[in-house]
Amino acid sequence: MRLFRLLEHRPLLGHLCRLALVAAVAWCVHATHAKQQAARATLDLVDLPLDLIQRHLPATAEVGEVTTTVAGGRELLDRHGSSIGIVFRTSPVGDAAVGFSGPTDILVVCGDDLMIAGMSVLSSGDTRDHVRAIENDARFWESFVGLPLNELATPKRRRSVGGSTLTSRAIAEALTLRIGGAAPESRFEQGPGLADLQKLFPEAAEFEPDPGDPAVIRVRDADDIPLGWALRTSPAADAVIGYQGPTDAVIGFDTENRVAGLLVLASFENEPYVGYVRDDRSFRKVYRGMPFEELSAIDPSNTGIEGVSGATMTSQAVAEGIVRAAAAHQQLMNQAKAASLTEHISNWLRRIEGPQWGAIVVMLLGLVTAFTRARGSWWGRLALPVIVFAYLGFGAGALLSLGQLAGWVGAGVPPAASVLTVLTAVAVAIPITTKRNVYCSHLCAHGAAQQVLKQLPSPKRSLPKPLRPWLARLPFTLLAFAVLAVVLPLPVSLVDLEPFDGYLLAVSGVAAFTIFVLSLLASLNVPMAYCRYGCPTGALLDYLRLNRQSGRLTWRDAVLATCLLVAVIRYWGIL
């Protein structure tokens, strides 16, 4: 009886296994992207070719020391060694701003008046054609030249590039995050370095400030494995005075958010007093093992610390500063959690503009048509495809693609992509739960174009029978190739594998536009030619679809499992 029940639910079990396989591949893509971003983040400004900076500030002869004006920036020097400006990049703080399919790292050059002299793209996780359109739009870059840095800290709707709206807006947002996310002004010029953090985390090899709170420092070992994090007491505790001034300290937390140790840095106290505190072993172990939540809840006026002999006021001030810094960080985390689901939905709805509402209405029409008898009427066979082709295709540019999906899995979903977010959710969720691939049949602009062409009175032919099985395997083969191109990575742009960028004439590349034209011409003779024999995005959605054959292992499962194996091996550095 148990065996019978197991066989009865075999299609569901097979379906769940396929979903798990796709989820595992998605995780590998995400992890690979994070690793690549971490590698790019190690690029120092002094390693950049000088001509990249000289394009915007020709008098630059050398990249100097770290500047205190913008965290992570460097001074620019002329041939006499005089400072003539600063240079910084938006990554990693600005990486939270995702364009069409990923963040863009921008090099920002300013004059000595702290006004932008010029900007250029260092690297981007966005699609090549969208980035290229922005790079070629001189008016976009000129709109930033001459702006003071403090003005960029205020979010404003700035000029966007036609066909690359999401990417250009993300660049402006990255600048805002980079300037607005800079650490509050501290009374201590020098923060903790790697040698300091190694006293708390002996295996530390690299560190970086947390984009959400610059007082938090994330620490990793040489294999990029997190060791824990450190919390700097400055500037949160700069007003806590010991004997004659504040003290900058760092408290470390392990991966379980328990206190791992304390390090006293610079101080305005008399050196004998702060030296006593710095050298006292028992004080360095203060609060050790205490969870962060418990530490942040301590009353600053009663820290429970009696003090170091000979430096009571100084040690008590350091303890109070630790508690205040922990409470300040806890407050930031509470504020981040305070936004309720209703607020998130409300903010998301406010970002949807008039034309985007029209696109959402078209999607709703497509869903209603797909699940009613209207799909077989003149409306479902002709009227709706024309509307989808015109409005979702050339009007909104709302088409799913491997480039977009890979970018979102790697870097996250851009908040401004309202229509694509809804379309993606519908396209992925419905075949998983209802056995119907509604996107391909009713919401894809390129599929709609082929449906219209199918009804034209042109001669229709079928492919030679021996070729059909092989060509039918092409879409999933392209999907597997795309996965490998992302995780290895290969020098291939995913937008070149599909025709969907052809609907964005302002940014369309040669390859995408060529596939766009040829696939429609082929559909005049072979009905739905591209959908049946060329579309890797459709192959992915069809793979996710629950059906009667879901319990059977196929060559597609073997191919995707192989891709997963390669992705895992690549992630662990064997390839």
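Scaled to the globular estimate 2.2 N^0.38 Å, the Cα spread of the range 348-571, given as radius of gyration, is 1.02.
When the Kirkwood hydrodynamic radius is evaluated over all pairs of different C-alpha atoms of the range 194-337, what value in angstrom, to one decimal, is obtained? Each step should come with its number before you reach the end.
Values: mean 1/r = 0.0660 Å⁻¹.
Value: 15.1 Å, from the Cα pair sum.
Taking the Cβ of residue 87 as the centre, find all other residues whose Cβ is under 9 Å away and add up their charges (Lys, Arg: +1; Asp, Glu: -1). Counting the neighbours of residue 87, the net charge comes to +1. Summing +1 for each Lys or Arg and -1 for each Asp or Glu among the other residues whose beta-carbon sits under 12 angstrom from that of residue 385 gives +3. Across the range 446-457, computed HN-Hα scalar couplings (Karplus, 6.51 cos²θ - 1.76 cosθ + 1.60, θ = phi - 60°) run 6, x, 4, 4, 5, 5, 5, 5, 4, 8, 6, x Hz from first to last residue, x flagging Gly and Pro.
When each of the peptides 66-73, 481-488 is scored by the mean number of other C-beta atoms lying within 10 Å of its residues, the order from highest to lowest reads 481-488, 66-73. Residue exposure proxy: 55, 351, 278, ordered by other Cβ atoms within 10 angstrom of their Cβ from fewest to most, comes out as 351, 55, 278.
Quotient of the Cα radius of gyration of the chain and 2.2 N^0.38 Å, N being its number of residues: 1.15.
Could you line up 101, 301 from fewest to most neighbouring Cβ atoms inside 10 Å? Kindly include the intermediate steps, with their values, before the conclusion.
On the way: 101 29, 301 7.
With the sparsest Cβ surroundings first, the list reads 301, 101.
To the nearest ten degrees, helix 165-180 and the longest principal axis of the Cα atoms of the chain are 10 degrees apart.
The long axis of helix 354-370 is offset from the longest Cα principal axis of the chain by roughly 50 degrees.
To two decimal places, what compactness ratio does the range 207-257 give when its Cα radius of gyration is scaled by 2.2 N^0.38 Å?
Working: Rg = 13.1 Å, N = 51, 2.2 N^0.38 = 9.8 Å.
Its radius of gyration relative to the 2.2 N^0.38 Å reference: 1.33.
Where does each of 417-428, 545-556 land if you order them by average Cβ count within 10 Å, highest first? Please report the intermediate quantities before stating the final value.
Working: 417-428: 19.6, 545-556: 14.1.
In decreasing order of mean packing, 417-428, 545-556 become 417-428, 545-556.
Across the chain, C-alpha contacts under 8 Å between residues 6 or more apart give a mean separation that, scaled by the residue count, equals a relative contact order of 14 percent.
Treat the count of other C-beta atoms within 10 Å as a stand-in for reagent exposure and order 446, 33, 130, 80 from fewest to most. Intermediate results must be reported in sequence, preceding the final value.
Numbers: 446 27, 33 22, 130 30, 80 8.
So the ranking, lowest neighbour count to highest, is 80, 33, 446, 130.
Rounded to 0.05, the FRET efficiency of the residue 373 and residue 565 pair, given R0 = 51 Å and the Cβ-Cβ distance, is 0.65. The charge dipole of the range 48-180, taken about its Cα centre with unit charges on the Cβ of Lys, Arg, Asp and Glu (plus for the first two, minus for the last two), comes to roughly 440 debye.
Note down the net charge around residue 486, summing +1 for each Lys or Arg and -1 for each Asp or Glu among other residues with Cβ under 13 Å from its Cβ. Please list the in-between numbers first.
Values: positive: 35, 570; negative: none.
So the surrounding residues net to +2.
Max-minus-min Cα coordinates of the range 71-145 on each principal axis give 42, 26, 18 Å, with the largest extent listed first. Across all C-alpha atoms in the range 48-180, the radius of gyration and Dmax reach 14.2, 44 Å.
Each value in this text was obtained by applying a stated rule to the coordinates, not by laboratory testing. Model, not experiment: these values are computed from the prediction. FYI the Cβ positions are ideal-geometry reconstructions off the backbone, even for glycines, and counts take in every protein chain you see.
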